[in-house]
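Data first, discussion second: the structure below is written as structure tokens.
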Amino acid sequence: MNSTPTSTPTSTPTSIAIIGAGPGGLTCARVLQLHGVDVTVYDADASATARDQGGTLDMQPDTGQHALRAAELWDEFVSLARPEGEQMRLVARDGGIVFDGAPPEEGRGNPEIDRGQLREILFNSLAPRSIRWGHKLERAEPIGAGRHRLHFAHGDTAEADLVIGADGAWSRVRRLLSDAVPVYTGVTFVETGLEDADVRHPELARLTGDGTMMALDDNLGIVAQRNSAGRIRVYAGMRVPEDWYARTGVDLADTAAVRAALLARFADWSPALLRYLTDTDSGYVNRPLYALPVPHTWEHTPGVTLLGDAAHLMSPFSGMGANLAMRDGADLARALVDQHGVDEAVTAYEKILLPRSVEAAEGAAEGIAGAFAPDSAEQARAHMTSHH
């Protein structure tokens, strides 16, 4: 059941500001409110539905699932989760199925859920008016004794005893702790999509299966991922310069030009796989992949900390981004509830966060390097067969 946040006061200060209403920030806010701690979440988006939230996520037992249970939102998650979405299929560039992994037995795997559905579960669980939409943070200014003044783009300000940076890859809060900035991984995804796929694109729907289809070979890849409501998200991955389109004279706003450029790069791939690129219902979005340097650590600073991508941005080939962010949020909230003071709580949290983040980021860097390599087809086959 969805428990209503309590209003019992605790010794934790009420002026806690979370910057960013992603899965990690919302999980932190939810767990704090369950224990009677007031918190305000600030997000740059104009509303909860202002933009597409991205693809599907697998919730893993020790991270995402743990956080959902800590947030007392497990039942809501189960009602929307898709265990069948765990199916993994590896396809060769000639279109032949190399590996087809069935989902784990019920209750033993990492059920999938759309990002948008997960976010809705989380923000619907918060007390009314907990989230201040349309608040894009410009900078956070130290004002002494661990407190900070928040300056937002539209001119508003706010003050907080603790600022939690859950503001993603290009975090403004991170600047208080670290000079690190995200670095291009060398891989770009071009995203496209299929709507009502089982009816409109039955052959591609069958090739995709119920979960994720991956075809990786020689620094290129096509990934198709089932979402709810008959949607399939498609990613054409390429190890290319970050400005690959400029170098080849491609206007990213010109759908026909992007399609032609993709077909040229995947020219000797199976016609069946190329249809993922040509039969788009949504056009194309260029998504270069970035990661923070590994290891990314910082000296403890009173009144501020990070979680999620702000702390450990990594490639999606880790499968850990949102899961870790949610575990971060739950762990930080629990520390704030259990410890006598904010500084002690943040110190205890960071002692757990930083080593865990480094280990996951190292794995993610290895994952994307292997997925987009000259021998990526062989590496993918070996990985799939050893893990299923």
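Taking a ≥ b ≥ c as the square roots of the eigenvalues of the alpha carbon gyration tensor, region 101-225 is prolate, as a/c is not under 1.5 and a/b beats b/c. For the peptides 27-33, 281-287, the ranking by mean Cβ contacts within 10 Å, running from highest to lowest, is 27-33, 281-287. Counting only alpha carbon atoms, the long axis of helix 255-265 and the longest principal axis of the chain meet at about 70°. If only the Cβ of Lys and Arg carry +1 and only the Cβ of Asp and Glu carry -1, the dipole of the chain around its Cα centre is close to 480 debye.
Apply the Debye scattering formula to the chain, with a single equal point scatterer on each alpha-carbon and no solvent, then give log10 I(q)/I(0) at q = 0.07, 0.13, 0.14 Å⁻¹. With one equal scatterer per Cα and no solvent, log10 I(q)/I(0) is -0.33, -1.09, -1.23. Kindly identify region 285-359 as rounded, prolate or oblate by the Cα gyration tensor criterion: order the square roots of the eigenvalues as a ≥ b ≥ c, call it rounded if a/c is under 1.5, otherwise compare a/b with b/c, prolate if a/b is larger, else oblate. Prolate is the answer for region 285-359, as a/c is 1.5 or above and a/b outweighs b/c. The orientation-averaged projected area of the convex hull spanned by the Cα atoms of region 183-291 comes to 6.8 nm². In the elastic network of the chain, a GNM with C-alpha springs shorter than 10 Å, the most mobile of 196, 156, 100 is 156. Its residue count N sets the reference 2.2 N^0.38 Å, and the alpha-carbon radius of gyration of region 233-388 equals 1.36 times that reference. Taking 0.36 nm per residue of separation and subtracting the current Cα-Cα distance, fully stretching the chain between residue 263 and residue 338 would add 21.4 nm. The helix-only estimate of mean residue ellipticity at 222 nm for the chain, built from DSSP H runs of length n ≥ 4 each weighted as -39500 (n - 2.57), is -10000 deg cm²/dmol after division by the residue total.
Placing a pseudo-label 7 Å from each Cα along the Cα-to-Cβ vector at residue 246 and residue 48 gives an inter-label distance of 3.9 nm. Against the empirical 2.2 N^0.38 Å (N residues), region 125-187 has a Cα radius of gyration ratio of 1.30.
Positive-end ranking of 148, 130, 181 along the dipole of the chain, with charges on Cβ about the Cα centre, is headed by 148.
Scanning the chain for GluC sites (Glu not before Pro) in DSSP loops with at most 15 neighbouring Cβ atoms within 10 Å leaves 1-104 as the longest stretch between them.
Bear in mind that the values in this text are calculations on the coordinates, not laboratory data. Being a predicted model, the structure only gives us computed values, none of them experimental. Glycine gets a Cβ as well: all are built from the backbone with ideal geometry, and neighbour counts include every protein chain shown.
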